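The values are calculated or read from the model by the stated rules, or taken from the named source; none is laboratory data. On a predicted model such as this, the values are computed, not experimentally measured, just so you know. All Cβ positions, even for glycine, are placed from backbone atoms using ideal geometry, and neighbour counts span all protein chains on display.
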Amino acid sequence: MALARLLAPLLALSLAACEEGKQLAVFQVQIIDATGELPVDEGQLTVTVAQNGQTLDCDDGPCTSEIRDGDFMLDLPLMSFEAMTEIRLEIDGDGERWIGATPPFQPYGEGFDEYPVVRAVVGRPASCEVLELDGPVSGDPPALDPPRSRAAAVVRRNLVLLAGGEQLDGDADDHVTNFDQLLFDTVPWQTWNDPVEIGAARGLALSEDVSLVVGDRASFLFERSATSAARPKEIDLHAGAGYASAVVSLGRNGGAVIGGRESDGITWLSAQGAADATSDRLAVARTAPAAALLDGGILVVGGHSAGEAGAEWVPLPGDGRALPDLALPDASGGVLFPSPDGSAALWIGYEEGGVTSAETVIVRCDGGACAAEAGPEWTRARSSFAPVITAEGTLWLLGGAEDAGAWVDLVRWEGGAPRIDDGPDLPGPTADAVAFEHEAGVVTVAGGKGRGEIVMCFPRALDPL
C-alpha cells in the first residue's frame, strides 16, 4: 500500500529530555483519503494542532506546507506527548478542497508503542465515501463482519465499540467489533467463551472506561482496565429494556435507560456502571419512546397507548410525571433533538400507524412545565434512518428504507427554531445502520441491513477547535 507523506512532531528530542525517565516514541501522521492515498499532487496543506484545548502555532502562524508532485514537508508543534491532542487538516489543490480531523488522542500511552502512526483521513466537503483503505492490523478495509444492522456504537475517543445487531435474516447477532479511528481498522473482539446473543442494541458511554450496550437479548457493561481493552459483564436492567428503550447520557453522572417493550421502567446508571432498576417508574408504559436531557430533567415523548399522556417529565432522578396537556400524536420512535440551551427539543422521525410522519413537533419546557407547537415539515420523511447528534449540535439523519436509502438530512437549531437541510448522499442505500461522530462534525456510518462497509461523511466545514 502506498503511504502518504509523513508529518513528524517538532522538538521530539527536547520533549523526551524534559520528561526524564520516560522513553517517548516519535509518532507519525499519514494524510490519506478514503482509498489510502494522498488525494492531490499539487496544492497547499494547512494543519491546526491543539493540546488540552490550546491551539499551537508554527512560527507564530498556521502550520502550512506546499504540496509539489505529491510531496511536502511539515513539522507539527507539540507541547507534550502526554497532553490530549487534536488535529484539523485542510488541503486546497488540483482545483478541489479536502478536510479532515482526528479524534482526541494522547501521543504517549494510546498504543503508539505498537503502531506509532495516526492516519488522518480527509474527504471533500459535503461528501460521503466508503473507507477502502487497508487496515494495518487486519490488512483489509475496515468493516463489520458479519454484515449487520441495528448494532450499538459506543465511542471512547479514538476507539469505538460496535456490538450486537441483527443479521440479514433477522437473527440476533453476538459479534463485537473494535473500530480504531486513528488506525482506521476493525478487529473482531472475542469477548466470551460461550456466545451470548445481544441482538438489536443501543450503546452509551457512561465514562472513559465504562461502555453500556443495551440489547434485545442481553445487555452488557464493557469495562476497560489497565491490562486489557475491555471485559464484558452482563447487566440486569428493568423488565422490557432493549432496543425499544430510549438511552440518555447524563454526562459525568452516567446515563439512563427508559422504557422498552411495553415498559414503565427506568434504570439509572452511574459513571462506574452501577445500576438502579427498581426505584423510579414512568407515568405510563412506553414502547420505543424518544427522550432527551433538557435543563433540569429528561423529557420523554411517544411510545404510549392511545388515550394516555403523550409525554412526561422525569427529574434527575425520580418518577416520571405525566404531561397530559401536551397535544402530541399517538406515535413512537424518532429522535428528540434538544436545543443548545436545553430549553426545547424537536421530535422528528416518529411513526404513526407504522408510517413515518412528515410532521415534526417542538416541545418547550421551563422547569418541567412544557408546551408543544408544530415544527418544520420533514419533506424527506422515511423510516430506518440512522441518527447521530454531533458535539457542536447538528443532527444527522442518515439513510433509510428502500428508495430513500441514500438520503441524508441535517437538522440545526438557529436561534429558537430548528432548520432541516439536505445533506450529502450516501454511496448507496443504507437502512438501519449505526452512526457516530468521528470528530469536528465528520460522521461515520457503519453497517446497515445486509451491509458491512464503513462510510465517512464530511460536513461543508469542520467544527472549530
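Of all residues in region 295-312, those being in a strand (DSSP E or B) and either buried (at least 24 other Cβ atoms within 10 Å of the Cβ) or at pLDDT below 95 (or both) number 5. Return the residues of region 274-291 that are part of a strand (DSSP E or B) and surrounded by 23 or more Cβ atoms within 10 Å (Cβ to Cβ); say none if nothing qualifies. Residues satisfying the conditions are LEU282, ARG286, ALA290, ALA291. Restricted to strands (runs of 3 or more DSSP E) entirely inside region 41-131, those with at least 1 residues that are under 28 Å from GLU453 (Cβ atoms) and among the aromatic types (Phe, Trp, Tyr) are 96-101. For the residues GLU96, GLU82, the requirement of being of a type in the set (D, E, K, R) and touching a residue at least 60 places away in the same chain (Cβ under 8 Å) singles out GLU82.
Here's a check for you: in region 187-204, which residue that is modelled with pLDDT of 95 or more and in a strand (DSSP E or B) is nearest to GLY273 (Cα to Cα)? The selected residue is LEU204.
Among all positions in region 223-234, there is no residue which is surrounded by 17 or more Cβ atoms within 10 Å (Cβ to Cβ) and at pLDDT 90 or above. Quick one: in region 324-352, which of the residues that are under 21 Å from TYR243 (Cβ atoms) and buried (at least 24 other Cβ atoms within 10 Å of the Cβ) is farthest from the chain's Cα centre (by Cα)? Among those that are under 21 Å from TYR243 (Cβ atoms) and buried (at least 24 other Cβ atoms within 10 Å of the Cβ), it is ALA331. Flag not set for GLY303, criterion: in contact with a His (Cβ under 7 Å, 6 or more places away or on another chain) and not basic (Lys, Arg).
Within the set of pairs 6+ apart or on separate chains, which have a first residue in region 236-265 that is without any contact (Cβ under 8 Å) to a residue 60 or more places away in the chain and closer than 16 Å to ALA201 by Cα, a second that is β-branched (Val, Ile, Thr) and assigned to a loop (DSSP other than H, G, I, E, B), and C-beta atoms under 9 Å apart? The qualifying pairs are HIS238/THR278. For region 339-360, the candidate set comprises residues that are assigned to a strand (DSSP E or B) and hydrophobic (A, V, I, L, M, F, W, C); within that set, the residue that is farthest from GLY296 (Cα to Cα) is VAL355. Taken over region 407-449, the criterion of being under 26 Å from GLY375 (Cα atoms) and of a type in the set (Asp, Glu) is satisfied by ASP409, GLU414, ASP421, ASP422, ASP425, ASP432, GLU437. Return yes or no: is THR267 surrounded by 15 or more Cβ atoms within 10 Å (Cβ to Cβ), at pLDDT 95 or above, of a type in the set (Ser, Thr, Tyr) and out of contact with any Gly (no Cβ under 7 Å at 6 or more places or on another chain)? Against the criterion (surrounded by 15 or more Cβ atoms within 10 Å (Cβ to Cβ), at pLDDT 95 or above, of a type in the set (Ser, Thr, Tyr) and out of contact with any Gly (no Cβ under 7 Å at 6 or more places or on another chain)), THR267 qualifies.
Please verify whether region 250-273 includes one or more residues that are part of a strand (DSSP E or B), of a type in the set (Ser, Thr, Tyr), in contact with an Asp or Glu (Cβ under 8 Å, 6 or more places away or on another chain) and closer than 20 Å to PRO289 by Cβ. The answer is yes, given that some residue of region 250-273 is part of a strand (DSSP E or B), of a type in the set (Ser, Thr, Tyr), in contact with an Asp or Glu (Cβ under 8 Å, 6 or more places away or on another chain) and closer than 20 Å to PRO289 by Cβ. Just to verify a result, which residue in region 400-450, among those that are outside any strand (DSSP E or B) and among the aliphatic types (A, V, I, L, M), is nearest to THR390 (Cα to Cα)? Going through the qualifying residues, I end up with ALA440. In region 366-385, the residue that is surrounded by the fewest Cβ atoms within 10 Å (Cβ to Cβ) out of those that are touching a residue at least 60 places away in the same chain (Cβ under 8 Å) and either within 23 Å of the chain's Cα centre (by Cα) or part of a loop (DSSP other than H, G, I, E, B) (or both) is GLY367.
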